[in-house]
Amino acid sequence: MESIIISKSPEETFILGERLGQKLEGGEVICLYGELGAGKTVFAKGLGKGIGVAEEITSPTFTLIQEYTSDLKKDIKFIHMDLYRLQYPEEAETIGVFDYFQEDCVCLMEWPELIADSIPADILEINIVGSGDLPREISLKSFGQMVLSDLMESANNT
Ligand SMILES: Nc1ncnc2c1ncn2[C@@H]1O[C@H](COP(=O)(O)OP(=O)(O)O)[C@@H](O)[C@H]1O
Ligand SMILES: [Mg+2]
């Protein structure tokens, strides 16, 4: 199943992330694709807010993995990964990427293509197309056990 949403501003992209975040319960792996400047981090900030992270979400460009706790859903952690600076795929194992694929974590990965061969089967795939001030086309697809209809039911009601 696929759902396509047009976002005309950073705020709209943020809100889409927030709506999705509100639906997550832990154990989800979200692969977030898009060129530099597409709006992946804007989406991630919204998602974190929706999960209930009060702390400011910053781009984990240099740390690669940033861990946040939800202030709303007490047992859930939000794991924001940005694999852009991964030197080689094996490094993902070393920095613990796979250790976070757990029931109590919502994992959002920017640049998942850098670990293409190790992406789990049950994921939500999001692709943001567009740059500059142009509207973004945001597509959401679910694979395996992830059920997109449940997740997106509210995201579409903009
Ligand atoms: N519709 C939109 N959605 C998201 N970002 C947008 C949109 N329109 C313009 N922008 C701008 O594009 C940039 C996206 O930056 P960022 O989220 O850091 O990109 P990425 O993480 O994909 O490299 C921001 O400066 C944001 O203000
Ligand atoms: Mg980014």
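The numbers here are math on the coordinates, done by the rules we state, and not lab data. Just so it is clear, the model here is predicted, and its values are computed rather than measured. Here the Cβ positions follow ideal geometry from the backbone for every residue, glycine too, while neighbour counts run over all protein chains shown.
Quick notes on this one:
- Applying the criterion of at least 1 residues that are basic (K, R) to the strands (runs of 3 or more DSSP E) found wholly in segment 32-115 leaves 77-82.
- Residue in segment 126-149 that is loosely packed, with under 13 Cβ neighbours inside 10 Å and within 16 Å of ligand 2 (Cβ to nearest atom) present: yes
- Residues (within 11 Å of the chain's Cα centre (by Cα) and surrounded by fewer than 24 Cβ atoms within 10 Å (Cβ to Cβ)) located in segment 31-45: C31, Y33, T41, V42, K45
- Residue satisfying all of: in segment 61-117; in contact with a strand residue (DSSP E or B) (Cβ under 8 Å, 6 or more places away or on another chain) and acidic (D, E); farthest from Q22 (Cα to Cα) among these: E113
- Figure legend. Inter-residue proximity from segment 1-21: first residues closer than 13 Å to T41 by Cα, second residues assigned to a strand (DSSP E or B) and away from ligand 2 (no atom under 16 Å from the Cβ), beta-carbon distance below 7 Å, spacing 6+ or different chains. Indicated pairs: L16/I5.
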